[in-house]
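Can you read through this structure? Questions will come right after.
The values are calculated or read from the model by the stated rules, or taken from the named source; none is laboratory data. Being a predicted model, the structure only gives us computed values, none of them experimental. Virtual Cβ from ideal backbone geometry, glycine too; neighbours counted across all protein chains shown. Note: areas computed on protein heavy atoms with side chains; ligands, DNA, RNA excluded. Shrake-Rupley method; radii C 1.70, N 1.55, O 1.52, S 1.80 Å.
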Amino acid sequence: MTWTQYLAPLLKGAQVTVTISLASIAIGAILAFAAGIARISSNRILSGIAFAYVALFRGTPLLVQLFWFYYALPLIGISFDPVTTGIVTLALLTGAFGAEVVRGALVAVPLAQHEAARALNFSRTYTLWHISMPQAIIEMMPPFGNLAVQNLKDTALVSLISIADLTFQAQSLRNITLDSATIYTMTLLGYFIIALFLMFVLRFVEMKLRRGPAFPRSAHS
Amino acid sequence: MMYGYVWDTTTPLTFAISILPILGIGLMVTLKAAAVGFAIALVLGLVLALMRRSRIKAISWSVACFTEFVRDTPLLVQLFFLYYVLPDFGIVLPAFMTGALALGLQYSAYTSEVYRGGIDAVQRGQWEAATALNMSKLLTYRDVVIPQMIPRIVPALGNYLVSMLKETPVLSVVTVLDMLGLANMIGERTFDYLVPLSMVGLIFLPMTLICSAIIHTVEKALPKSGIPLR
Amino acid sequence: MTSIIRFQNVTKRFGALTVLDDFNFDVRPGEKVTLIGPSGSGKSTVLRILMTLEPFQEGHLELAGISYHEPNGRGAFKASEKHLHKIRCNVGMVFQSFNLFPHMTVLRNIVEAPVAVLKMKRAEVESRAIDLLRMVGLLDKKDHYPSQLSGGQQQRVAIARALAMRPRVLLFDEPTSALDPQLVGEVLGVIRALASEHDLTMLLVTHEMRFAREVSDRVCFFDKGRIVEQGDPDRFFGNPEQPRTREFLSSILND
């Protein structure tokens, strides 16, 4: 077999990788906002739950989480198919790291903005969504970009719960051909290209956001 | 039975307690892998950071590409690459060393950025002042640059150490018997994954939380103005 | 005549530091009062307490007949958000650092609160906002973002923004202190125009002594959390009675 013959199976795997990555990033983003906002809520129970979630998923290895959801959870009667397990686990992890980004950016909105909002009698919810969030979201974009690439890299681990992603296809090909150097080089390049694409998209979104309103902070940086 | 320890599957609690010594042996492997991997990352990262500052464009540019590439591709695939490809070139390493090397390689891309950021953060005026005082390059680094870098880079490096610690379980994939590797074996033999896998998570959690707390304390304790080496 | 603002024995502490000490202060409706004094004397704190940005620990405070203590509230000094909302309906504030919202245009900065908080019709608010912008001389900037304006222009927008909420009491917290000297005049011009409005009660913290003398009905000198001396501006500046006042005035006028 030559390297051109590896392309078809690897591309099929790449498709699975991209699907799992995008799905878990999308769900993870929702979790990140929910948990990040809950963390700064004045409701102790809400912020406590968010804190526990973030600490648990940030504090334990992804592979352990993945095996736990895949091997251990079915033993107490809860089981999903591998792809769902992979997406859910990755989303939970990305959401936990993202929650810290969301919280950090919201906390960094200057106190003066909150005081101005108070003086104009805006409610707390209104202040969060219309004053703090539009300013904070731009500061979230660069760390979100890093998290997205981290998520993509982490998807490689789902090959270990029998999902036919890019890494899994590479492993299968190697087992048949023993042509390790070519196959793994191609696989690494595949991930690199997807990562570059992901970074490009996020940079584009960030630029769009920045160009909208004229931000004093962006003007200086 | 494993390493001479017999497990007791009567209840989840007795099971958990009985496998604790076995997981303890795995924990030592986990810690050793993180230590060796981090040592490699610290040294290799420094080499990369200095090469990145090279005046020769070809060197600085290819190092930049290399670090970007390593940073944006999965540790697991890099591990497979080293594990299967190195022997093709006659380099046969034990699985543990291959694993530590993969960890070190991946994180050298991160640490090199930390060093670079640390060097760049030292203000231009400091370099100019050192030149004005006729200090040699070596002296400038030792007495001016590195002391001011330390408060910036130590916390960042610490955070990467914690991240690396959490990635060591990947080594179990290439037959390294770390905590996760042993937990999986126990699971295979007892058909109970719930207890051993939960135990691994429960051991990692306080470990990473405490490490992060220590880093946070150190970060606060370090004087922002820098630490003289002598 | 009843007061629109009434501080009765109010004490405010930050930790061990007492910022307002058994403080009493009354303001008539429509009165223009200037608060002066060294930094840390408590004059800004008076405004921040009125704007509900700071709580206080003892005493009683009323604004437009509404007590800052919520009747049947959760403890004496912990009013609910709903009650604070009711208080804030009567009062607006202009900040030292303008505090415009950077992600909104000038017009949007002014329109946002009347639409979102007072539930007024957007078209109606916009036409009023345009009147306000004309008044502060910035109609041509309505579609600009704050970062595109000078400090003086930003502060004039901030005044228009506060006025759009139709407050009965308007608080100015050192509105010209963050400005370059050549921009101070345009902001003072707008405040001077407002001072001629009969119904609007104004509290102004400033270091612009000549301006204070010109626009205010009363000047209050603060020191260590109390009003040391107050009175009609001509009397106050022409013939200060307290040695502490004289000392302060000579130090600031010799700058």
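Can you list residue pairs whose Cβ atoms sit under 7 Å apart, with the first residue in the range C:134-153 being within 14 Å of chain A (Cβ to nearest Cβ) and the second being open to solvent by 60 Å² or more (accessible area, probe 1.4 Å)? Count only pairs 6 or more apart in sequence or on different chains.
C:S147/A:A219; C:G151/C:D180
Related question: Out of the residues in the range B:67-96 that are more than 11 Å from every other protein chain (Cβ to nearest Cβ) and in contact (Cβ under 8 Å) with a residue 24 or more places away in the chain, state the one that is most open to solvent (accessible area, probe 1.4 Å).
As a first pass, look at the range B:67-96 and keep what is more than 11 Å from every other protein chain (Cβ to nearest Cβ): B:67, B:90-96.
Filter again for in contact (Cβ under 8 Å) with a residue 24 or more places away in the chain, leaving B:67, B:95-96.
Numbers: B:T67: 8, B:A95: 22, B:F96: 45 Å².
Here the answer is B:F96.
Which of the numbered conditions does A:A117 fail, given that it passes all the others? Conditions: (1) open to solvent by less than 20 Å² (accessible area, probe 1.4 Å); (2) touching a residue at least 60 places away in the same chain (Cβ under 8 Å); (3) part of a helix (DSSP H, G or I).
Failing condition for A:A117: (2).
Consider the range A:60-79. How many of its residues are touching a Pro at 6+ places or on another chain (Cβ under 9 Å) and within 20 Å of B:L76 (Cα to Cα)?
The qualifying residues number 6.
Additional query: Which pairs have Cβ atoms under 6 Å, sit 6 or more apart or on different chains, and link a residue in the range C:158-178 that is of a type in the set (F, W, Y) to one that is open to solvent by less than 10 Å² (accessible area, probe 1.4 Å)?
C:F172/C:V94; C:F172/C:L204
Further question: Scanning the range B:164-195 for residues that are surrounded by 22 or more Cβ atoms within 10 Å (Cβ to Cβ) and outside any helix (DSSP H, G or I), which turns out nearest to the other protein chains (Cβ to nearest Cβ)?
B:D178
Which ones in the range C:34-59 are part of a strand (DSSP E or B) and surrounded by fewer than 22 Cβ atoms within 10 Å (Cβ to Cβ)?
C:E58, C:G59
Is there a residue being closer than 25 Å to B:Y160 by Cβ, open to solvent by less than 70 Å² (accessible area, probe 1.4 Å) and within 12 Å of chain A (Cβ to nearest Cβ) anywhere in the range B:46-54?
no
Let's see how each residue does on (1) part of a helix (DSSP H, G or I); (2) among the charged types (D, E, K, R); (3) within 11 Å of another protein chain (Cβ to nearest Cβ); (4) within 29 Å of B:E188 (Cα to Cα):
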position	(1), (2), (3), (4)
A:A23	yes, no, no, no
A:I45	yes, no, no, no
A:I49	yes, no, no, no
A:R58	yes, yes, yes, yes
A:Q65	yes, no, yes, yes
A:S79	no, no, no, yes
A:T85	yes, no, no, yes
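Sticking with this one: Yes or no: the range A:38-48 includes at least one residue that is of a type in the set (V, I, T) and open to solvent by 70 Å² or more (accessible area, probe 1.4 Å).
Yes, that holds for at least one residue.
To continue, here is another question. Would you confirm, using the coordinates I've provided, whether C:E81 is of a type outside the set (A, V, I, L, M), over 19 Å from C:D173 (Cα atoms), at pLDDT below 90 and buried (at least 19 other Cβ atoms within 10 Å of the Cβ)?
Criteria not met by C:E81.
Here is a further query. Listed residues C:E229, C:E214; which is in contact with a Ser or Thr (Cβ under 6 Å, 6 or more places away or on another chain) and without any contact (Cβ under 8 Å) to a residue 24 or more places away in the chain?
Selected residue: C:E229, the only one of C:E229, C:E214 that is in contact with a Ser or Thr (Cβ under 6 Å, 6 or more places away or on another chain) and without any contact (Cβ under 8 Å) to a residue 24 or more places away in the chain.
More than 30 Å from C:L163 (Cα to Cα) and surrounded by fewer than 18 Cβ atoms within 10 Å (Cβ to Cβ): which single residue out of A:I25, A:I20, A:I87, A:I30 fits that description?
A:I30
Continuing with the same structure: Yes or no: the range A:123-140 includes at least one residue that is in contact with a helix residue (DSSP H, G or I) (Cβ under 8 Å, 6 or more places away or on another chain), modelled with pLDDT under 95 and not in a helix (DSSP H, G or I).
Within the range A:123-140 (the criterion being in contact with a helix residue (DSSP H, G or I) (Cβ under 8 Å, 6 or more places away or on another chain), modelled with pLDDT under 95 and not in a helix (DSSP H, G or I)), the answer is yes, since at least one residue qualifies.
Now, a different point. From the set of residues in the range A:160-185 that are open to solvent by 10 Å² or more (accessible area, probe 1.4 Å) and either touching a strand residue (DSSP E or B) at 6+ places or on another chain (Cβ under 7 Å) or closer than 15 Å to A:T84 by Cα (or both), which is farthest from the other protein chains (Cβ to nearest Cβ)?
A:A164
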